[in-house]
Amino acid sequence: MNVYERWLFPPLLDLVMRQGQLEKYRRDAVAAAAGRVLEIGVGSGLNLSFYGEQVEIVIGIDPSFPLLAKARRHADAANIQVRLIQASATAIPLADNTIDTIVMTWTLCSIPEPLAALREMQRVLRPGGKLFFVEHGLSPEPRVERWQRRLTPFWRKVAGGCHLDRKIDDLMRAAGLELTEVRNEYADGPRVMTYMYAGSARSKA
């Protein structure tokens, strides 16, 4: 990880992710979380204020130390118990079948091995546990898709490994998750970056 990725990109990411139009997506993803919750890619902790009293604890993991430092301030102000861990989604430092709910918001696009990460999520989820997500990814429109594929090699280098061209629902199915709801739409902004996948999945185990 170079200087840009480690120290300069995290505050830029935090600024981008504070866009007002994203708040509704965040609230929807967090609304049904309950019990022991694992948030994948907790980032600067922008979701923490939305968790309700039905949550026992939120365990937030992220590989970025600077973002976790920002998340600590949100955790201290939250009305729930929060534990923050610097870790990768491909090696979650939790025991099998110990999590009731996983929340993931705009995270899968930048994980180098998304299938490995999704399988790790299944490992820690209890049988029947739920994953609530909102991600951006591959558009069904051929013209937009072509541009997503053209731009991704460059975009990955300047946006922390973010891929514009991942088909989120197919990745989840390939990892063995059962999709229970998927909603697709464009958010405001350039279409190559704003095709949203939002919904839920559950562990089949």
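Couple of notes before you dig in:
- For region 45-54, the condition of being within 18 Å of GLY199 (Cβ to Cβ) and not aromatic (Phe, Trp, Tyr) holds for at least one residue.
- Filtered by the rule that a residue be acidic (Asp, Glu) and either within 20 Å of GLU23 (Cβ to Cβ) or under 16 Å from the mean Cα position of the chain (by Cα) (or both), region 93-138 gives GLU113, GLU120, GLU135.
- All positions within region 151-181 that are within 30 Å of GLY129 (Cβ to Cβ), more than 15 Å from the chain's Cα centre (by Cα) and surrounded by fewer than 18 Cβ atoms within 10 Å (Cβ to Cβ): ASP170, ARG173, ALA174, ALA175, GLY176, GLU178, LEU179, THR180, GLU181
- ASN79 vs. criteria open to solvent by 80 Å² or more (accessible area, probe 1.4 Å) and more than 18 Å from LYS204 (Cβ to Cβ): yes
- Residues of region 172-205 that are closer than 21 Å to ARG126 by Cβ and in a strand (DSSP E or B): GLU178, LEU179, THR180, GLU181, GLY199, SER200, ALA201, ARG202.
- Of the criteria (1) open to solvent by 20 Å² or more (accessible area, probe 1.4 Å); (2) at pLDDT 95 or above; (3) within 14 Å of the chain's Cα centre (by Cα), which one LEU48 fails: (1)
- Qualifying residue in region 17-28 (condition: within 20 Å of GLY129 (Cβ to Cβ) and part of a helix (DSSP H, G or I)): yes
- Subset of region 112-144 that is assigned to a loop (DSSP other than H, G, I, E, B) and either in contact (Cβ under 8 Å) with a residue 60 or more places away in the chain or of a type in the set (Asp, Glu) (or both) - its residue that is least open to solvent (accessible area, probe 1.4 Å): GLY137
- Single residue of region 68-92 satisfying the filter (touching a strand residue (DSSP E or B) at 6+ places or on another chain (Cβ under 6 Å) and assigned to a loop (DSSP other than H, G, I, E, B)) that is modelled with the lowest pLDDT: ILE80
- Some residue of region 36-43 being surrounded by 13 or more Cβ atoms within 10 Å (Cβ to Cβ) and in a helix (DSSP H, G or I): no
The values are calculated or read from the model by the stated rules, or taken from the named source; none is laboratory data. As the structure is a prediction and not an experimental result, all values here were calculated from the model. Because the Cβ atoms are built from the backbone with ideal geometry, glycine has one as well, and the counts that use them run over all protein chains shown. For the accessible areas, the whole protein counts, side chains as well, though only heavy atoms, and no ligand, DNA or RNA atoms are used. Shrake-Rupley method; radii C 1.70, N 1.55, O 1.52, S 1.80 Å.
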